[in-house]
Amino acid sequence: MSIFRKKSATATLDADKHDGTAHTTEHHEKHHETHHTKESSTVTIDTAIAPAGTSLDSATEADLQQKAKDHLWMHFARQSGMEDGKGVPIIVRGEGHHIYDSKGNKYIDGLSGLFVVQVGHGNKRLAEAARKQAEELAFFPLWSYAHPTAIELADRLAEYAPGDLNRVFFTTGGGEAVESAWKLAKQYFKLMGKPMKHKVISRAIAYHGTPQGALAITGIPGMKEMFEPLTPGGFRVPNTNYYRAEEMGFHGSLEEFGQWAANRIEEMILFEGPDTVAAVFLEPVQNSGGCFPPPPGYFQRVREICDQYDVLLVSDEVICSYGRLGYMFACEAFDYIPDIITSAKGLTSGYSPLGAMIVNEKVYEPFKHGQTAFYHGYTFAGHPVSAAVALENLNIFEEEGILEHVRENSPKFRAALERLLDLPIVGDVRGEGYFFGIELVKNKETKETFNEDESERLLRGFLSKALFDAGLYCRADDRGDPVIQLAPPLTIGPAEFDEIEGILRRVLTEAWTRL
Ligand SMILES: Cc1ncc(COP(=O)(O)O)c(C=O)c1O
């Protein structure tokens, strides 16, 4: 029985079963490669540079590029990149922790797509779970009706969730889960006779999604200004970037920094008036800005503050849950119990879209009675196929010991990345689980960062493409200071850590010479 479930569980752990690790059966050009399995044993298996049917012939490639240029609007991307005729990387296939582009090139998926593909690409069990469910019941909504996979998944998530977070409201993704949580918090306080409690507090540079409510919680000014005015009521406090704590005016130990940063939340509640603040939205490890872990004691102090002022604590685990930090829910990693968890991404390992908001009994209670309803929902939320995939994904987690594997190997991953600290451009390596950020600096001693022009040349002009060309798909980001982010499939081990470190070393060394 899994140690990660809080109630009785039926699935068993079976560490011998594997799926989702890199192996291909069809080959264009065969060669041998050494891989480490999740248990870190070294095995030699056949892999392929380009599995048969992977690369597209040049006419098909040209046709797709033309159609993309003419019709496909990319997300968070400059369309000028499509217009200038260079084309867009077209990813045609995934296998284990590798992806392949239309030209047959193979890359390590160092970001699990977008913090999503926990058990790796090409997993037959997940594909089969989707096929089977689509045949049986392809679609039905959760609007006053239910279907078995959504019911089973809600039960399963409630088992995993800490404390009395027992009520599961499905969405189709993360931003919708965040949006739902803010709306729920507002309605909860109206039902509790505190109708003025509607504001939300979040942290500088944090990303919480794009719907106008979630965007008002997001703390990245450059992503918001063109959509102002947003939903009113979003307020920002400092994040937990200890590397740059002094720039926030803090001098002291990590523990003291944690108390200082948490107390900024109390300060904001008092500035705005406790009677007006509904919720605090925090990621366990903040993604945007480059993986800021919470200092020891931070979340314990935040919990205390939230309890004192009757403010809901929302743990936005859209990235951090479902194994990313080695736990089903990341609040477990830092020993706090929120009122609401928002999640998505890794729940299905990306084989079908799904998000979930998980709510405690206190917040659910007023909705139990009379004619009260949460007038909110999404047609595709809790989709039967997605729910079936999520259930099978969670089975794989248990049978293959994915959480244990991440916890065991995370220190090795960190150690491999920390070797890069000998490079003059690497200022900081931080993160938890399989979720790390590498901050790049112009001067290690002074921590001087790059100006806008240098950042543009370094990240967009060179690094993103150079890393990709070198065989590593990952993220080079400058929503805060310039960082490279890694969040690979949870199935990889030390051999892949070394491979990733090797690629980063070569490319970052080259980047330094170009500055
Ligand atoms: C913490 C957090 N919240 C919300 C979101 C939004 O999720 P989605 O893109 O599924 O709407 C993200 C996406 O990366 C996220 O990282």
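Readers should treat all values here as calculations from the given coordinates under stated rules, not as data from a laboratory. The shown structure was predicted, so the numbers you read here are calculated from the model rather than taken from an experiment. Don't worry about glycine lacking a Cβ; one is built from the backbone with ideal geometry, like all the others, and counts go over all protein chains shown.
Observations on the structure shown:
- Within the stretch 308-383, the chymotrypsin sites (Phe, Trp or Tyr not before Pro) that combine a DSSP coil assignment with at most 13 other C-beta atoms in a 10 angstrom radius are Y375.
- Bridges between two residues of the chain, per DSSP, are antiparallel at a rate of about 70%.
- Sequentially through the stretch 473-480, phi angles give Karplus couplings (6.51, -1.76, 1.60; θ = phi - 60°) of 8, 8, 10, 10, 10, 9, 5, x Hz, Gly and Pro residues having no value and appearing as x.
- Calculated FRET value between E408 and M226, using beta carbons and R₀ = 51 Å, to 0.05: 0.70
- Residue among H376, G222, P338 farthest towards the positive dipole end of the chain, charges placed on Cβ: H376
- Globularity index of the chain, i.e. its alpha-carbon radius of gyration over 2.2 N^0.38 Å: 0.96
- Within the chain, helix-based [θ] at 222 nm, where runs of 4 or more DSSP H residues each add -39,500 (n - 2.57), nearest 500: -10000 deg cm²/dmol
- In a simple Cβ point-charge model (Lys, Arg +1; Asp, Glu -1; nothing else charged), the chain has a dipole of about 860 debye relative to its Cα centre.
- 3J(HN,Hα) couplings calculated from phi for the stretch 353-366 with the Karplus curve 6.51 cos²θ - 1.76 cosθ + 1.60 (θ = phi - 60°) are, in sequence order, x, 6, x, 8, 10, 10, 10, 7, 5, 4, 6, 6, 3, x Hz; Gly and Pro show x.
- Cross-link pairs K183/K465; K183/K447; K103/K124 - those with Cα-Cα distance over 29 Å: K183/K465; K183/K447
- Selection among L153, L472, L254 by position relative to the dipole of the chain gives L153 as farthest towards the positive end (Cβ unit charges, Cα centre).
- For the stretch 145-162 and the stretch 288-365, distance of Cα centres in Å: 18 Å
- Taking each of K224/K412; K190/K345; K199/K362; K132/K412 in turn, the alpha-carbon distance tops 27 angstrom for K224/K412; K190/K345; K132/K412.
- FRET efficiency, D164 to M196 (Cβ-Cβ, R0 25 Å, nearest 0.05): 0.40
- Coil-residue chymotrypsin sites (Phe, Trp or Tyr not before Pro) of the stretch 75-134, DSSP, other Cβ within 10 Å capped at 16: F76
- Cα lying deepest toward the dipole's positive end in the stretch 164-380, options G193, Y207, T276, charges on Cβ: G193
- A59-K447 pseudo-label distance in nm [points 7 Å out on the Cα-to-Cβ vector]: 5.9 nm
- Between E304 and Q79, the modelled labels are 5.2 nm apart [label points 7 Å from Cα along Cα→Cβ].
- Extension reserve of the L114-Y145 stretch, reckoned as 0.36 nm per residue once the Cα distance is removed: 8.0 nm
- Fully extending the segment from K103 to K67 would add 11.3 nm, taking 0.36 nm per residue of separation and subtracting the current Cα-Cα distance.
- Phi-based couplings in Hz for the stretch 341-346 (Karplus 6.51, -1.76, 1.60; Gly and Pro marked x): 10, 10, 8, 5, 5, x
- Residues with amide H under 5 Å from that of M328, placed H, sequence gap 5 or more: G323
- Charge dipole (debye, nearest 20) of the stretch 164-380; +1 at Cβ of Lys and Arg, -1 at Cβ of Asp and Glu: 560 debye
- Sparsely packed loop sites in the stretch 239-306 (the chymotrypsin sites (Phe, Trp or Tyr not before Pro) outside DSSP H, G, I, E and B with at most 14 other Cβ atoms within 10 Å) do not occur.
- Gyration tensor (alpha-carbon) shape descriptor, the stretch 164-380, a/c threshold 1.5: rounded
- DSSP beta bridge pairing in the stretch 164-380, given as percent antiparallel to the nearest 5: 45 percent
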